[in-house]
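Each remark here refers to the structure printed beneath this line.
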Amino acid sequence: MRSILSLGLVALAASASTVSAETAVVVLEFGPGGSVHRTTTTYTESNSAAVASFWDAMHRPTKRGSMVQHAGMPVVPDLFTMANAGIVLGLQGGSVKAMPTATSLLDAAASVDNVVGHVHIPGQAGADLMKRASSNDLKIIAKEDISSRLQSTADTAARGELEGIETLSLAVDNVDEAAVADEQLSNMLKTLKKKASENGKTVVLHLVVEEEGASRRRLDEGNNQNNQNNQNNNNNNNAYSNERTMYEIQTFNLYLWTSVGLFTIVFSVMSAFTAMPLMPDTLLFGEMGKMAGSD
């Protein structure tokens, strides 16, 4: 009986830990920009499949035209401008909170340079996201190789020489590893910010971080916000339901003005044909005169 009760408590604790955990994806853009935009939605929760569709639409040219991004996401790729390089950097381990650079990027309320938007996925979805982003077997970078690997990736991306998505994963299991990873992450961000602008290349970095207890904290904050805005929400429901994403607006404008242009061209051609003056065919009349003279 005691063993069954113990197993039940362990399972309950594990499920509570999973529920309180949350995976955050921070989207940063360096260089000229314009390849990714934040939408007007305030709902940032999504799932792994939706994030993977966003990555495919942004960084995989073979899928860009045929891949449809999941609706309702807080960030969308631009219809005309494509990033020159894409990097997915995953932080795994229980010491992410000891990384001040990473934690500052996770704060959606703060205004941080180069941060476009945030996507939140309930539960521990970091491994699944990294698997979806990588076409090959994903390997965690060793502590002694973090500096060289991150800097070389940043330099290559800033030159626009990356193909598809470069996927990197760092293990942050203790404070020492967190300190090294945070320092190199900061250096990587500085390199991307400087060299991408110098080379005129747009680089998008997707930072994937698993946060312990973030889901419960955001849920409490959301409940407080909802209690304060209930009356406003009742008045604005219709307005929110009519909102359109940046992708939908761009697609509509593309189809609209393409149709207007084609109609104008066809109308001009038909008008030219209609107004064309009718003149006698001198060659035809000349031949008929020769035939009449020979008779």
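The values are calculated or read from the model by the stated rules, or taken from the named source; none is laboratory data. These numbers come from a predicted model, not from an experiment. Cβ coordinates were reconstructed from backbone atoms using ideal geometry, including for glycine residues, and neighbour counts include every protein chain displayed. With ligands, DNA and RNA removed, areas are computed over all heavy atoms of the protein, side chains included. Shrake-Rupley method; radii C 1.70, N 1.55, O 1.52, S 1.80 Å.
Every listed requirement among (1) in contact with a helix residue (DSSP H, G or I) (Cβ under 7 Å, 6 or more places away or on another chain); (2) under 22 Å from GLY33 (Cα atoms); (3) open to solvent by 50 Å² or more (accessible area, probe 1.4 Å) is met by SER111 save one, (1).
Candidates LEU129, LEU168, LEU192, LEU138: the one that is of a type in the set (A, V, I, L, M), closer than 25 Å to SER46 by Cβ and free of Cβ contacts under 8 Å to residues at least 60 places away in the same chain is LEU138. Within the stretch 180-191, being open to solvent by 60 Å² or more (accessible area, probe 1.4 Å) and more than 13 Å from GLU29 (Cα to Cα) holds for one residue alone: GLU183.
Criterion applied to LEU150, LEU168 was being part of a helix (DSSP H, G or I), open to solvent by less than 20 Å² (accessible area, probe 1.4 Å) and not charged (D, E, K, R), and the one residue passing it is LEU150. No other residue among ASN237, ASN233, ASN253 is open to solvent by 60 Å² or more (accessible area, probe 1.4 Å) and at pLDDT below 70 apart from ASN237.
One line per residue, one yes/no per condition, for (1) at pLDDT below 90; (2) surrounded by 15 or more Cβ atoms within 10 Å (Cβ to Cβ); (3) of a type in the set (D, E, K, R):
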| site | (1), (2), (3) |
| --- | --- |
| GLU29 | no, yes, yes |
| THR40 | yes, no, no |
| TYR43 | yes, no, no |
| HIS59 | yes, yes, no |
| HIS70 | yes, no, no |
| ALA83 | no, yes, no |
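Candidates are the residues of the stretch 114-147 that are more than 22 Å from the chain's Cα centre (by Cα) and open to solvent by 50 Å² or more (accessible area, probe 1.4 Å); the one that is farthest from MET73 (Cα to Cα) is GLU144. For the stretch 117-147, a tally of residues being under 22 Å from HIS59 (Cα atoms) and in a helix (DSSP H, G or I) returns 8.
Candidates LYS201, LYS194: the one that is surrounded by fewer than 21 Cβ atoms within 10 Å (Cβ to Cβ) and within 25 Å of GLY33 (Cβ to Cβ) is LYS194.
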